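The values are calculated or read from the model by the stated rules, or taken from the named source; none is laboratory data. The structure presented is a predicted model; accordingly, all values stated were derived computationally and were not measured. All Cβ positions, glycine included, derive from the backbone under ideal geometry; neighbour counts span all protein chains shown.
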């Protein structure tokens, strides 16, 4: 092999060194600039951690679990402040305050949009016969959100919050209670909806505690003809399951996720998966959009051992 010419072993020229230095300085400035750009949220993943056991665990989205929100620790606290003493038959103007465990307010910039909304409230009465799904809007005070709902039963309503912190990108939950007294007007049961529609919710096999289960929701037009099923909150339907003690819930979305491929227009069917850990009686509420009107229907089910 021929020896390498000495000229090729010489040090880089001053112009070459200047060029390398300029490129390096530019890369460092670009890196620092990106680091200094605002990221939106001032909260980090550490603000949503709970040390020790008995804390909220996340589940596989393809096989959603029942979440025991009340009996486990959440890194978020939720407080409810009604504008007046809540009574049945009268709208309640509610201020919802969300804070981290260290007292930092949770604002819109701190949350990600999940199913078209930043914050979901799942409200249910002690009988499980009145369920409402509402979406608070941010107030002027950091950490405060406002929403209105109409209670139809007297008793201790339980409010579950469902949201996704931007710092973690994973769903998180909290709960609080609101006492509703009997008012002059006491509407019975769930809100009236269009009785033209017939609903069925059928498990593929008997439901067993701890076993993954398949559920099929079917909607038909009692008078015949098409069912004007439209997306609601980014899905063709939502199912929410509560246990009798309201210790938690399971929020289910159909496996049919392509909104550009709607189910059959005459007899739409949607498939869901869920795992419920404990035996007992549960109420599953279905929520769909039929011709621009949101319709809710309850289904009482039994989960065996």
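I'd like to know if the range 208-223 contains one or more residues that are exposed (fewer than 13 other Cβ atoms within 10 Å of the Cβ), more than 20 Å from the chain's Cα centre (by Cα) and free of Cβ contacts under 8 Å to residues at least 60 places away in the same chain.
Yes: one or more hits.
Hey, among 214, 130, which residue is within 30 Å of residue 305 (Cβ to Cβ) and outside the structural domain of residue 240 (by TED's automatic domain parsing)?
130
In this structure, is residue 283 touching a strand residue (DSSP E or B) at 6+ places or on another chain (Cβ under 7 Å) and surrounded by 14 or more Cβ atoms within 10 Å (Cβ to Cβ)?
yes
Among 260, 290, 270, which is under 20 Å from residue 236 (Cα atoms) and within 21 Å of the chain's Cα centre (by Cα)?
Being under 20 Å from residue 236 (Cα atoms) and within 21 Å of the chain's Cα centre (by Cα) holds for just one of 260, 290, 270, which is 270.
So which pairs qualify, if the first residue must be in the range 63-85 and within 8 Å of residue 248 (Cα to Cα), the second must be modelled with pLDDT under 85 and buried (at least 18 other Cβ atoms within 10 Å of the Cβ), the Cβ gap must be under 8 Å, and the two must be at least 6 apart or on different chains?
Note: pairs meeting the criteria are 67/56; 69/56.
Do we have residue 142 as assigned to a loop (DSSP other than H, G, I, E, B), in contact with a strand residue (DSSP E or B) (Cβ under 7 Å, 6 or more places away or on another chain), in contact (Cβ under 8 Å) with a residue 12 or more places away in the chain and within 17 Å of residue 88 (Cβ to Cβ) here?
no
Just to verify a result, which residue in the range 62-100, among those that are assigned to a strand (DSSP E or B) and at pLDDT below 90, is farthest from the chain's Cα centre (by Cα)?
73
Within the range 248-268, how many residues turn out to be assigned to a loop (DSSP other than H, G, I, E, B) and surrounded by 11 or more Cβ atoms within 10 Å (Cβ to Cβ)?
13
Take the residues in the range 157-181 that are assigned to a strand (DSSP E or B) and in contact with a helix residue (DSSP H, G or I) (Cβ under 7 Å, 6 or more places away or on another chain); name whichever of them is surrounded by the fewest Cβ atoms within 10 Å (Cβ to Cβ).
So the residue we want is 172.
Of the numbered conditions (1) within 18 Å of the chain's Cα centre (by Cα); (2) in contact (Cβ under 8 Å) with a residue 12 or more places away in the chain; (3) surrounded by fewer than 20 Cβ atoms within 10 Å (Cβ to Cβ), residue 137 satisfies every one except a single condition; which is it?
With (1) within 18 Å of the chain's Cα centre (by Cα); (2) in contact (Cβ under 8 Å) with a residue 12 or more places away in the chain; (3) surrounded by fewer than 20 Cβ atoms within 10 Å (Cβ to Cβ) applied to residue 137, the lone miss is (2).
On the given criteria, is residue 224 more than 24 Å from residue 175 (Cα to Cα) and in the same structural domain as residue 289 (by TED's automatic domain parsing)?
Taking the combined requirement at face value, the residue satisfies it.
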